[in-house]
Amino acid sequence: MGEIKSPISNLQALVTRLRSAQRVVALTGAGMSAESGIPTFRDPQTGLWAKYDPAQLATVGAFERDPKLVWEWYEWRRALRRETQPNPGHYALAAMARVFPQFVVITQNIDGLHRLAGSPAVIELHGNLQRNKCSREGVVIERAQAHSAPGGLLACPHCGAYLRPAVVWFGEALPREALERALEQATCCDAFFSIGTSGLVEPAATLPRIAKRAGALVVEINPEETPLTALADVALRGKAGEILPELVKHLGLD
């Protein structure tokens, strides 16, 4: 399959190749959330949290040493998330779900913006910032069901252990069910979009390569080149919030 390293003006060529697609997958990374104003782990932290390294807070060890500190950091991140909204790229992906018989978003992001934008099928590889789970049993616990604990923490109503954010921390494995679903989607899709992701974080970085080996059209949307660029059939340079709405227009949607 020939390559199309194309600017936005040549999106019609991509649309032509998508016309016959039945199953389409979009993998999204931190760049997608950054366009909504959500800071990535690589961005400098602000205010009270400027002196902390996010990579040192998002670990099981950090939570065991100082659960109050980690909890308060995530509460700050949740407050940031409540101040943000989906960007045009999120809404464009939701619109694309109306074009193809099967359209699935696989996201490395934990902000829930894809669901908020209306995407009906979302696989959250790294969990969801708005949910909590028991730090001992791993089961998701709704905030309304949780018990209060000293220091402003919440406790599991079943075993009394502290609740923690239901997200994947450094050194933890991805949720098995989510990963299995993502691998299945990558294996059977006709077209695979990699959007706003560095292509460096495994196992998500393997998904477009699996799709390519299975015969799918691989499309990359990113402002910069990544390790995936050379493999992609179509590489579109730019922001998802600009390119995806244009693609939706070419697909005949408002």
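Every number here is computed from the coordinates shown, using simple stated rules; none is lab data. Since this is a predicted model, take the numbers as computed values, not measurements. Here the Cβ is made from the backbone with ideal geometry for all residues, glycine too, and neighbour counts use every protein chain on show.
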| request: Average the reciprocal distances over every distinct pair of alpha-carbons in the chain, invert the result, and give the Kirkwood radius in Å. | output: 19.1 Å
| request: For the chain, please report how many Lys pairs fall under 20 Å Cα to Cα, leaving out neighbours fewer than 8 apart on the same chain. | output: 6
| task | For the range 115-254, give the share of DSSP beta bridges that are antiparallel, in percent and rounded to the nearest 5; count only bridges with both residues there. | result | 55 percent
| Mean Cβ neighbour count within 10 Å, used as a protection proxy, ranking 120-130, 172-182, 79-89 highest first | 120-130, 79-89, 172-182
| field | Computed lengthening from Ser148 to Thr16, 0.36 nm per intervening residue step minus Cα-Cα distance | value | 41.9 nm
| task | Quick one: order Thr187, Thr197 by neighbouring beta-carbon count within 10 Å, fewest to most. | result | Thr187, Thr197
| task | Among Tyr162, Tyr74, Tyr52, rank each residue by its count of other Cβ atoms within 10 Å, from fewest to most, as a rough exposure measure. | result | Tyr52, Tyr74, Tyr162
| Once the Cα atoms of helix 67-82 and of the chain are each reduced to a long axis, what angle between those two axes, in degrees from 0 to 90 to the nearest 10, is obtained? | 40 degrees
| task | Work out how much length Glu137 to Leu231 would gain on full extension: take 0.36 nm times their residue separation and subtract the Cα-Cα distance, in nm to one decimal. | result | 29.8 nm
| request: Would you mind working out the magnitude of the charge dipole of the chain relative to its Cα centre, with +1 at each Lys and Arg C-beta and -1 at each Asp and Glu C-beta, to the nearest 20 Debye? | output: 280 debye
| query | Using a ≥ b ≥ c from the Cα gyration tensor of the range 169-237 (square roots of the eigenvalues), is it rounded, prolate or oblate, where a/c under 1.5 gives rounded and otherwise the larger of a/b and b/c decides, a/b for prolate? | reply | oblate
| task | Could you line up Phe193, Phe170, Phe103, Phe63 from fewest to most neighbouring Cβ atoms inside 10 Å? | result | Phe170, Phe63, Phe103, Phe193
